[in-house]
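Visitor: After the structure tokens below, expect a handful of questions from me.
The values are calculated or read from the model by the stated rules, or taken from the named source; none is laboratory data. Remember, it's a predicted structure, so these values are computed and weren't measured experimentally. Glycine gets a Cβ as well: all are built from the backbone with ideal geometry, and neighbour counts include every protein chain shown. The protein model used for the area step is the full one, side chains on, heavy atoms only, and it has no ligands, DNA or RNA in it. Shrake-Rupley method; radii C 1.70, N 1.55, O 1.52, S 1.80 Å.
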Amino acid sequence: MGKVTAEGQLEAINYEGFQLTKLDTVIGVARANSLWPLPFATSCCGIEYMASMAPNYDIARFGMERMSFSPRQADLLIIAGTISKKLAPVLRQAYEQMAEPKWVMAVGACASSGGIFDTYSVLQGVDRIIPVDVYVPGCAPRPEQIIDGIMNIQALAKHESLRRRYSAEYKHLLDNYNIEHDIDGE
Amino acid sequence: MESKLTNEQVLEALRAQFANAIGEEEQTIDNYLTVYVDPKSVHEMVKWLFIHDGFRVRFLTNITGVHYPDNEKGKELMVVYHLHSLENNFRIRLKAFLPIDKPEIDSIEDIYSAANWIERETYDFFGIVFKNHPNLKRILNEDSMDYFPMRKEYRVEDGTRQDKDDRFFGR
Amino acid sequence: MNNKESVLSKALSDETMDGQIATLNLGPTHPATHGIFQNVLKVDGEKVLSSEQTVGYIHRAFEKMAERKSYQQITPLTDRLNYCSSPINNIGWQMTVEKLCGIEIPKRVQYLRVIIMELARISDHLVCNSVIGVDSGALTGFTWMFIERERIYDMYEQICGTRLTTNIGRIGGFERDINEKFHTLLKDFIDGFEKRFNEFNALLDRNRIFMDRTIGVGKISAERALNYGFVGPNLRAVGVDYDVRVHSPYSSYQDFEFDIPVGTEGDTYDRFQVRQEEIRQSLRIIKQAYQNLPTEGGYHADAPMFYLPRKENVYNTIEGMIYHFKQVYGEMPYPVGEVYHSVEGGNGELGYYLISDGGRSPYRLQFRRPCFIYYQAYPEMISGQMLSDAVVTLSSLNVIAGELDA
Amino acid sequence: MESLSNRKKVVSNKKMTFIESLYIPVIAAGMGLTFKHMFQKAATYRSPEQKREFSPYYRGMHVLKRDEEGRENCTACGLCAVACPAEAITMVASERKPGEEHLYREEKYASIYEINMLRCIFCGLCEEACPKEAIFLTDRLVPSNFERQSFVYGKDKLVEDMNNRIDITKRQHTGKRGKR
Amino acid sequence: MDTGIIIEKSILIVILFAVSLGAAAYLTLLERKVAAWMQNRIGPDRAGKWGLLQPLADGGKLFFKEDFIPTNADRFLFIIGPGLSMGFALMSSVVIPWGPDIYMFGKQIALQVTDINVGILFVMAISSVAVYGIMIGAWASNNKYSLFSAIRASSQMISYELALGVSIITVVMLSGSLSIKDIVESQHGMNWNIWYQPLGFIIYFVCLIAELNRAPFDMAECESELITGHHTEYGAMKMGFYLFAEYTHLFIGSAIVSILYFGGYNFPGMDYFSGNTLAILGVVAFFVKIAFFIFVIMWIRWTLPRFRYDQLMDLGWKRLIPLSLVNLMITAIVIAATSGWFSGNTTNENSTSTAQIESVEGSSSQTTNLNK
């Protein structure tokens, strides 16, 4: 049901015009305020992510407290913590299972770059396997920094065209990462 | 809490039981009874300590390997066992040298269930083979790894780091 | 790529149903695992028949790295072992090195360390117990207790400057003295914590739903627990009162009055209750240590070889300068030898086995990681129980991925 | 097993009283508690609008200090890079040329000084290692960003701006040193 | 049938539809806010003032999210599952009397779409088929977690339906009618069933929470074990439908419990009003009661841990059903005694009078004692 309507809408507004930009903005704002996260919390940063959910920081204010442990429902993949080479395929699978539109936030040094763990078992940054939208530095980042990252993601979501997933750049990006996509519309 | 046993007491009993298998005692900074033993009798010794009524050494603290690449041949690898008698608050450390070509030692998994993963980890890191272990395969690293990373000749880095700039120090 | 696929198929497929028996993946990313490790459960209906564990998903090669880092640089590494109570790991490591080097620590520093370590223990147990609540469906207590953790974080911040991965203290003491703000925060905490903690306790403690969920769940006998190398609260829950703080006291723990809470059967309820009581005992220790905190003694040992000199000396005296450079480069005369030191970490006996060859970094450093050792008992604990039991048992074991995989 | 320590205290009581076994009284008490909490003040800091107070020793973004006359303190000795466990600091040392005395305090200075903020773990060891009072961690936070390359902070971002000096006097590690 | 009534009912249906959907949407916000307040947080507050636009943002986002059907799923059932859930959730609102009759355009308009004479049976039937939405969707998605959830949901439904039904029977016995309108009318003023049936109310309420799949009985979507249970594989608006259905159920369920035990739109002192004032006040009173029950259910959710699957069954079969049967027996005996069955005076039967109710009141305290 959702599919038909969404696609139909897209078809209907498939010309550049006033309507499109208006709808883009509205939906962008809606998405930005309802980013349901999939917390891929592996280690220390996961605890700081919990702290940012906890009362003192409360990312629920951004409409983000509904966690989606199922990738199908998530909009934002929050990678908090070390990603080892052993875990990399799992992370990639989780990313591929997420439905468009999706964003990725790498929280903390380990996820973003490997941090101090320049070792044989640690992936030197998750951007080796999946595209990352926002990096949050720190080890572990304070909740303030995580919130800062979230606001950056919101900014991305707000200004992203509805049709990002049909754009050539996006396909090119996914191709770079060897991620399969059937986004030409089956 | 004071220990109810002294190092000498236990060492004496061990020597009486395993005359040939017990090597020299080592004085360590932490003052734990540290003896070098014959790898073949480690299993027997651990078992004897376990069932001995006076000592009751029934807690396995740790097993670990150490790699000494510069040692004489046949003694490149070392396995260290830390055992603990909770009742007597007494700790004992057993050390056994193994040759790097054929590092084999009996598993003590049948005495301590805890040894299962610790031995797997030691195998994973050093390639020390624990005979009679029910499931001796890599635990922390990927199964496809083809070397034993904790041996001294391997680097910790895998060289995939790209953002390091050695302009100044040449680390 | 090939190996990746094999892992992938192992980790994520298994979508087979064989007659009555199904396999169910608990992990690697599952809301119940709180960290990354995998349990493949064989289930008959809701009943768990057996389980197969895979760990190592965040293996970071700590021990290999430690062979490359100088002694000071290892402190940040230990932070990331059990990240719920990093100060205990930090201080435990520093005490190991002090034991190696034979450094005498003033009473005041020891007491300060006790305060910090007990705060860390409280914060560790708070996470574990509130997470048992979350996994059994009661989220509210978790959020209340995170406010308390923030108070503890604030105190860490006053000493070391950060919240979670603290890198607190130095070999020989602390990097700076406690300040006024810390005193106020600690006093507030001591005064108010118990009341707020009791509220959390009242939510779960005698609630029949919670008791039904946890009593008799994930049981293990004392004998098996010892055989599996259980330590800490999980061992005490089976009724064995082994506590490193009492058996081989470090940092003046012999000066303080406290009880060792034990359970009876080693089920999830026992583990919960033991941790709850340990939080109270920790608070008791903090009160004693804070009341009797010596005024004399400074915040570090007099060990110019191993403790960085004050900046004035670095700037103005030549030996200060030399010591400073040598220490940063790690060229101090570290004794040759080996030492095993253990502290009572959040999850029990956290041991450091250090072999030094006199060089800049340890020749071999091994961490006895309690989680890693006792987590292997998990399949035995849950076989024959319900799926929901598997989840609460897992959270009551407090398996911290960083400590598990090192 | 007998007691190992004589400090044993059994804490777990699994026997339910009649009242407890009725579910409702304890549940009602718990609900009373949650209801009470509804009227307590929220503990939330509305970050980013509302700033939380940091400790004076907070280990955030680094600064390369200048002295009172605006000269850079750093002498490119490299101790910070050695002390860094993450190997995130890179620098290139240069000789001070005549006429640059107003820019650099010592004869040597770092012509390039980069910190990779994504690698940095903010452990503060560089600050401790610095013998020249040059690098400090501050209570500013490194902002998040979209590109990985943008996290390599060079001197343009690290060196303190004289018009907008950063106060580090509260950090105990600042000592006093002689005039030069 | 004249067209007037069709128009009248159609308008009513549209209003009801809008109200239910709106309520469901804003209940999601309320739930998040209630949780936040209890947890000393603020909750959503950045989408509009106090987060009032949050449901719209969620809806908009879900609507434009990529829709996805897993390759192994049964496509038809996968699509129909959420629809069924949603449809059934909305259906029971038609028999609920939302307020006293209102006078408009010179007509007396009932604030009820239809007054079926077996209305309460209709409600029960609908609420028990509602589980099919969950079951079908969960089965179709071909995911083991979902399947577990389906099994849990359906067996939970079966176990709690019985006690639920039996406790409704006692209410029906008190009012002497299966029509919901009659049940409400029989509780005029403060003459609410709760005074006569406290135990029945507790049983009913517990079962209702179980039927609604709410904590502490949220076995079907218990997050810590089954990720999100039946909608693990659902994304976009399909999952939105499930969420909507859940909250619509919550809304309707609270309406029914206030009808059965708290007098629906009756409120104390209603005799002083009449006509449209009465109607409006009645509607307000009804909605206040609904809001109260919604709040209580949320309050329970954010306080309690959840049951385990087998304990849930135990509670259903071994505690609640016997308890509700005992309650039924006692109520039956008391009604029979007061209406003179045992004295042979059966002619007095047709008066469901205050005298009878008073004596039931007398016995209700005894009833509770017996069952403790």
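Visitor: Which helices (runs of 4 or more DSSP H) sit wholly inside segment D:72-180 and have at least 1 residues that are more than 23 Å from C:MET321 (Cα to Cα)?
Guide: D:155-158
Visitor: If a residue must be at the interface with another protein chain (Cβ under 7 Å from one of its Cβ atoms), in contact with a helix residue (DSSP H, G or I) (Cβ under 7 Å, 6 or more places away or on another chain) and either open to solvent by less than 10 Å² (accessible area, probe 1.4 Å) or assigned to a helix (DSSP H, G or I) (or both), how many such residues does segment A:59-74 contain?
Guide: Looking only at that region, the number is 5.
Visitor: Can you find a residue that is open to solvent by 10 Å² or more (accessible area, probe 1.4 Å), under 30 Å from E:ILE42 (Cα atoms) and facing another protein chain (nearest Cβ under 8 Å) anywhere in segment C:90-101?
Guide: No, because not a single residue in segment C:90-101 is open to solvent by 10 Å² or more (accessible area, probe 1.4 Å), under 30 Å from E:ILE42 (Cα atoms) and facing another protein chain (nearest Cβ under 8 Å).
Visitor: Please find, within segment A:81-108, the residue that is nearest to C:PHE37 (Cα to Cα) out of those that are of a type in the set (Lys, Arg) and in contact with a Ser or Thr (Cβ under 8 Å, 6 or more places away or on another chain).
Guide: Filtering segment A:81-108 for residues that are of a type in the set (Lys, Arg) and in contact with a Ser or Thr (Cβ under 8 Å, 6 or more places away or on another chain), the one nearest to C:PHE37 (Cα to Cα) comes out as A:LYS86.
Visitor: Now, a different point. Among the residues in segment D:2-17, are any in contact (Cβ under 8 Å) with a residue 24 or more places away in the chain and either within 9 Å of chain C (Cβ to nearest Cβ) or assigned to a strand (DSSP E or B) (or both)?
Guide: No, segment D:2-17 contains no residue that is in contact (Cβ under 8 Å) with a residue 24 or more places away in the chain and either within 9 Å of chain C (Cβ to nearest Cβ) or assigned to a strand (DSSP E or B) (or both).
Visitor: Could you pull out the residue among C:PHE325, C:PHE372 that is open to solvent by less than 10 Å² (accessible area, probe 1.4 Å) and either of a type outside the set (A, V, I, L, M) or without any contact (Cβ under 8 Å) to a residue 60 or more places away in the chain (or both)?
Guide: Criteria check complete, one pass: C:PHE372.
Visitor: Suppose we filter A:ARG128, A:ARG142 for residues that are within 14 Å of chain D (Cβ to nearest Cβ), of a type in the set (Lys, Arg) and open to solvent by 20 Å² or more (accessible area, probe 1.4 Å); which single one remains?
Guide: Exactly one of A:ARG128, A:ARG142 is within 14 Å of chain D (Cβ to nearest Cβ), of a type in the set (Lys, Arg) and open to solvent by 20 Å² or more (accessible area, probe 1.4 Å), namely A:ARG128.
Visitor: Here's something else I'd like to know. Got at least one residue in segment C:316-327 being within 9 Å of another protein chain (Cβ to nearest Cβ) and either hydroxyl-bearing (Ser, Thr, Tyr) or part of a strand (DSSP E or B) (or both)?
Guide: no
Visitor: Same structure, new question: When residues of segment C:130-164 are filtered for being touching a Pro at 6+ places or on another chain (Cβ under 9 Å), part of a loop (DSSP other than H, G, I, E, B) and aliphatic (A, V, I, L, M), how many remain?
Guide: Residues meeting the conditions: 1.
Visitor: Still on this structure, please answer the following. Mind listing just one residue for me: the one in segment C:165-184 that is within 12 Å of chain D (Cβ to nearest Cβ), assigned to a helix (DSSP H, G or I) and more than 23 Å from the chain's Cα centre (by Cα) and, of those, farthest from D:SER12 (Cα to Cα)?
Guide: Here the residue is C:GLU180.
Visitor: Take C:TYR307 and tell me if it is among the aromatic types (Phe, Trp, Tyr), under 30 Å from C:PRO379 (Cβ atoms), open to solvent by 10 Å² or more (accessible area, probe 1.4 Å) and within 12 Å of another protein chain (Cβ to nearest Cβ).
Guide: no
Visitor: Within segment D:101-124, which residues are among the charged types (D, E, K, R) and more than 11 Å from every other protein chain (Cβ to nearest Cβ)?
Guide: D:GLU101, D:ARG105, D:GLU106, D:GLU107, D:LYS108
Visitor: What pairs can you find where one residue is in segment C:261-281 and within 7 Å of chain D (Cβ to nearest Cβ) and surrounded by fewer than 24 Cβ atoms within 10 Å (Cβ to Cβ), the other is part of a helix (DSSP H, G or I) and not hydroxyl-bearing (Ser, Thr, Tyr), and their Cβ atoms are less than 7 Å apart, with a gap of 6+ or different chains?
Guide: As it stands, the answer is C:THR264/C:ASP270, since those pairs meet every condition given.
Visitor: Got at least one residue in segment E:213-220 being touching a residue at least 40 places away in the same chain (Cβ under 8 Å) and in a helix (DSSP H, G or I)?
Guide: No, there is no match, as no residue in segment E:213-220 is touching a residue at least 40 places away in the same chain (Cβ under 8 Å) and in a helix (DSSP H, G or I).
Visitor: Turning to a different aspect of this structure: Just the residues that are acidic (Asp, Glu) and over 16 Å from the mean Cα position of the chain (by Cα), please, taken from segment B:26-78.
Guide: Within segment B:26-78, B:ASP30, B:ASP53, B:ASP70, B:GLU72 meet the criteria.
Visitor: Can you confirm whether E:LEU304 is in contact with a helix residue (DSSP H, G or I) (Cβ under 7 Å, 6 or more places away or on another chain), surrounded by 16 or more Cβ atoms within 10 Å (Cβ to Cβ) and of a type in the set (A, V, I, L, M)?
Guide: yes
Visitor: Another question, then. Can you confirm whether segment E:253-272 contains a residue that is part of a helix (DSSP H, G or I), in contact (Cβ under 8 Å) with a residue 60 or more places away in the chain and out of contact with any helix residue (DSSP H, G or I) (no Cβ under 8 Å at 6 or more places or on another chain)?
Guide: Checked segment E:253-272: at least one residue is part of a helix (DSSP H, G or I), in contact (Cβ under 8 Å) with a residue 60 or more places away in the chain and out of contact with any helix residue (DSSP H, G or I) (no Cβ under 8 Å at 6 or more places or on another chain).
Visitor: Turning to a different aspect of this structure: For segment E:173-184, indicate whether the set of residues that are at pLDDT 85 or above, part of a loop (DSSP other than H, G, I, E, B) and open to solvent by 10 Å² or more (accessible area, probe 1.4 Å) is non-empty.
Guide: Yes, that holds for at least one residue.
Visitor: Still on this structure, please answer the following. Every residue in segment C:320-343 that is at pLDDT below 85 and acidic (Asp, Glu), please.
Guide: Selection gives C:GLU331 alone.
Visitor: Residues of segment E:1-44 being outside any helix (DSSP H, G or I) and open to solvent by less than 30 Å² (accessible area, probe 1.4 Å), which ones?
Guide: Hits for segment E:1-44 are E:GLN39, E:ASN40, E:ARG41, E:ILE42, E:GLY43, E:PRO44.
Visitor: Go through (1) farther than 30 Å from D:LYS51 by Cα; (2) touching a residue at least 12 places away in the same chain (Cβ under 8 Å); (3) surrounded by 24 or more Cβ atoms within 10 Å (Cβ to Cβ); (4) among the polar types (S, T, N, Q) for A:GLN97 and report which single condition fails.
Guide: So the condition that A:GLN97 fails would be (3).
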